[in-house]
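Below is one structure; the comments refer to it alone.
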Amino acid sequence: MGERVMRTVRDLRRSNRSLLLRRLYFDGPLSRQDLIDTTTLSAASVSNVIGDLINDGLVAEVGSVGSDGGRPRILLQVDGSRWHAIGVDVGETRVLVELFTLDLAVLARAEYPLPGGCGDVTAVVERIDAGLRGVLKESGIDQASVAGVGVGVPGVVERGGENSGRDGVVVHGQTIGWDAVPLERLLREAGSVRADMPLFIDNGANTLGQAEMWFGAGAGARDAVIALIGSGVGACVVTDGSPYRGTGRSAGEWGHTTVQVGGRACRCGARGCLEAYVGAEAVIERYREAAADATSEGARPQPESEESALAAILAADERGDEAARAVLEETAVYLGVGVANLINLFNPERIALGGWAGLLLGARLLPRVREIAGEYALRHAFATVDLSLCQLGPDAVARGAATLPVAGFLSAASVQGPDVGAIGAPRLNIR
Ligand SMILES: [Zn+2]
């Protein structure tokens, strides 16, 4: 009985700490009175908990504002400088590792191209490992201050269940040749992710989604879809503030919804998937086919990377290249149809297109995509949706991956440090 009461008191204290820490993290700086006014906590509780958080170095006093006739109110903010988080973006053409402060300012970054693609798991793990060591060395940050590592991957992430044994989180990347890759175990064995370091692995579209929901195009929305368009295509579907994951955590595979029955072969093995038309790899391939048809000398000199190849298509369109124009128009149509499907299925208030290719294509095609979506979506749902581009840039997958340990840290709000323990993605949009 006594033990249960103790546990309840401890739980309550922990949840109060977490509540105030999250309020300050997302909406700070705020005064103690602001916290009393906007939470259910009493003045005494706020005062006690804030005192503890300041003593633990999690919250700092950062100035004051005058109040009507009374004493100035001291403003409080999460002390972002003391704890850190690392975000990793495993893309199809590169691995990016970034080290952030708790408030997600970048302190160090390491980027490694994957010239042969990301299919070689050993090469990917080696680069992540090198990147983790590299950013710690570059920044001079002690690993003890790192609240955790988040990794965004181009695949379906299966959380370690009771039968997962020592493999932990397993990744299924059907389009990149990853068949039940025990990424968590491989990263731990590589050595740079200590056994006691919280490690979070999620699909890259979900990590992008969390970053944009916290600080970008999705901020303030409850129902939104954040789309990731790179070589492949995915989406983070947020319903009532939480990601919709499905029974096997693979929901949001927007790129493999069919937009053309019997259409182009997709990397997943099916035909006519959205990704086979609007993914960067597909757009480049379609342009090469069209350009080869249009000229007798066949395929033109091929730029080195997908990024430069896609940029070259957009530049060719500006020069009046017919093949480029036709391929981009077709891309806009398929993208518009894909967006209409999202609108009809989920009735979101916001849809944001992101990922490096999504931003590149969207800057040119967004008005046309919107027009097509309006033709294919139901009128009522289309009228209430805001279609835009993501706001956090092409590297937001890594930043989003770092939000995973940050969310864990804010939720746990542990006294001794970043001991958040459990693996897996915490609730999105925890505001
Ligand atoms: Zn497919």
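Brief remarks on what is shown
- Once the C-beta distance of Ala123 and Val65 is scaled by a Förster radius of 41 Å, the resulting FRET efficiency is 0.20 to the nearest 0.05.
- Extreme residue, positive dipole direction of the chain, given options Ile343, Gly155, Ser64 (C-beta unit charges): Ser64
- Computed extension length for Ser81-Asp142: 20.7 nm, one decimal, from 0.36 nm per residue of separation with the Cα-Cα distance subtracted.
- Computed over the chain with a Gaussian network model linking Cα atoms closer than 10 Å, the most mobile of Asp240, Asp167, Asp11 is Asp11.
- Prolate/oblate/rounded call for the range 1-85, Cα gyration tensor, a/c under 1.5 rounded: oblate
- Taking amide H as placed 1.01 Å from N in the peptide plane, the amide H of Asn203 sits under 5 Å from that of Val153, Val157, each at least 5 places away or on another chain.
- Computed from Cα positions, the angle between helix 306-318 and the longest principal axis of the chain comes to roughly 60 degrees.
- Going from the residue with the fewest nearby Cβ atoms within 10 Å to the one with the most, Cys236, Cys273, Cys268 rank Cys268, Cys273, Cys236.
- Compared with the dominant Cα axis of the chain, that is its longest principal axis, helix 43-55 is turned about 70°.
- Phi angles across the range 218-229 convert, under the Karplus curve 6.51 cos²θ - 1.76 cosθ + 1.60 with θ = phi - 60°, into 3J(HN,Hα) values of x, 4, x, 8, 9, 10, 8, 10, 9, 9, 10, 10 Hz, Gly and Pro given as x.
- Neighbour counting of Cβ atoms within 10 Å sorts the residues His172, His256, His84, fewest neighbours leading, into His172, His256, His84.
- Each of Val327, Val337 was scored by other Cβ atoms within 10 Å of its Cβ. Arranged with the fewest first, they read Val337, Val327.
- Calculated FRET efficiency for the pair Leu345/Arg73, C-beta based, R₀ 35 Å, to 0.05: 0.15
- Annotation: amide H of Ile351 within the under-5 Å range of Val225, Asp386, Leu387, Ser388, sequence separation 5 or more or interchain, hydrogens built in the peptide plane.
- Long-range HN-HN contacts of Val59 with modeled amide H, under 5 Å: Ile54, Asp79
- Point-charge dipole on Cβ atoms (K/R +1, D/E -1) for the chain, about Cα centre, debye to 20: 1260
- Here Asp196 and Glu289 are evaluated by their C-beta separation; at R0 = 45 Å the FRET efficiency comes out at 0.30.
- Farthest positive-ward along the chain dipole, Cα basis, beta-carbon charges - from Cys268, Ala412, Trp214: Ala412
- The range 17-44 versus the range 245-280: alpha-carbon centroid distance in Å: 44
- Whole-Hz Karplus values for the range 256-269 come out as 10, 8, 7, 10, 8, 4, x, x, 4, 5, 9, 5, 7, x Hz, taken residue by residue from phi with 6.51 cos²θ - 1.76 cosθ + 1.60 and θ = phi - 60°; glycine and proline positions read x.
- Simple spin-label estimate for Ala130 and Glu375 gives 4.8 nm between the two label positions (7 Å along the Cα-to-Cβ direction from each Cα).
- Rg/Rg_globular for the range 23-133, with Rg_globular taken as 2.2 N^0.38 Å and Rg from C-alpha atoms: 1.57
- Charge dipole magnitude, Cβ of K and R +1, D and E -1 - the range 293-393, Cα centre, debye nearest 20: 420
- Cα-based Rg and Dmax for the range 176-323, where Dmax is the largest Cα-Cα distance (Å): 19.1, 61
- The C-alpha atoms of the chain define a longest principal axis, and helix 280-294 lies at about 20 degrees to it.
Bear in mind that the values in this text are calculations on the coordinates, not laboratory data. As the structure is a computational prediction, the values presented were derived from the model and not from experiment. Cβ atoms come from the backbone with ideal geometry, glycine included; neighbour counts cover every protein chain shown.
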